[in-house]
Every structure is written in structure tokens, then in C-alpha cells.
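In what follows, a single structure is set out as C-alpha cells and then discussed.
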Amino acid sequence: VQLQASGGGVVQPGGSLTLSCAASGDISSLSWMGWYRQAPGHGREMVALIYNQGTPSYPDNMLGRFTISRDNAKKTIFLKIHSLKLEDTAVYYCRGQRGGLSYWGQGTLVTVSS
């Protein structure tokens, strides 16, 4: 499985942005796919994940402004970020999980700036 993230860019505070992660290969074998982010000087943290059957899950600190979805026909997951804040500036990575094996995309940079 290969993952290709896209959709990053420069956005003003308060704006919205939708990221995409397109997969090649058999994603039905992945138990879940998700989004992580890494801000400058910080470690990588989970933003959201979506299970194979479509159920989303968010860490408590990510509830409210992030919406994850998937289009199985297009083998793509999405992350919509609402009400962007300066602290959302980060490289956003997508990940797929199959048992103990992780697949990572290359990341897409989101910069929130006025």
C-alpha cells in the first residue's frame, strides 16, 4: 500500500482546509487509516482515524474542529479542518494500519498565517 497526501497550503486563521490521502493497493486489508501531524519542534501526534467500516475516532484534544471521512471507491480518506488556528501549522501525514504493519504517506504542509 502506498499513500499520497495532498491539499496542504497557506491558510488564514479561521479558515478551513480539506486534506486528501489517496491510496494505491488494497486498502480493504487495512484495519484503519488516519491522520497525524507534526508541528515544528514537536513530536508526531494523532489527529483522527477512521476504521475500515467507516467509524471515525478522534483523540479528546482533537474533538470539534476535525472531520475525517473516506471514499472507498476512490481509495481516499479526507481530513477537513475547521476554524484553523496558528497552532494547527504542521506537516500532516496519513497512515494506514494492517495488523502490526504501518504505512505512511509523505506528508503535506499546512501553514496557518495571517
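What to note about this one:
- Separation in nanometres of the label points that stand 7 Å from Cα toward Cβ, at His42 and Asp60: 1.7 nm
- In order through the stretch 89-94: 3J(HN,Hα) via Karplus (6.51 cos²θ - 1.76 cosθ + 1.60), integer Hz, x for Gly, Pro: 4, 5, 8, 9, 10, 9
- Other-chain or far-sequence residues with amide H under 5 Å of Gly8's (modelled H): Leu109
- Top positive-direction residue, dipole computed over the chain with Cβ charges, set Gln12, Tyr93, Gly64: Tyr93
- Cβ charges +1 (Lys, Arg) and -1 (Asp, Glu), total dipole of the chain, debye: 140 debye
- Cβ-Cβ distance of Ser24 and Gln53, R₀ of 30 Å, FRET efficiency by 1/(1 + (r/R0)^6): the value works out to about 0.90.
- Backbone HN-Hα couplings from phi across the stretch 49-59 [Karplus 6.51/-1.76/1.60, Hz, Gly and Pro as x]: 9, 9, 6, 4, 7, x, 6, x, 8, 10, x
- Anisotropy class of the stretch 47-103 from Cα gyration tensor, a/c 1.5 cut: prolate
- For the stretch 97-113, putting each phi into the Karplus relation 6.51 cos²θ - 1.76 cosθ + 1.60 with θ = phi - 60° gives couplings of 10, 10, x, x, 9, 10, 10, 10, x, 7, x, 9, 8, 10, 10, 9, 8 Hz, in residue order, rounded to whole numbers and with x for Gly and Pro.
- Listed residues Leu79, Leu17, Leu101, most fluctuating in the chain (Gaussian network, C-alpha, under 10 Å): Leu101
A short reminder: the numbers here are calculations on the coordinates, not readings from a lab. All figures in this text were calculated on a predicted structure; none of them were measured in a lab. Neighbour counts run over all protein chains shown; Cβ positions are idealised from the backbone, glycine included.
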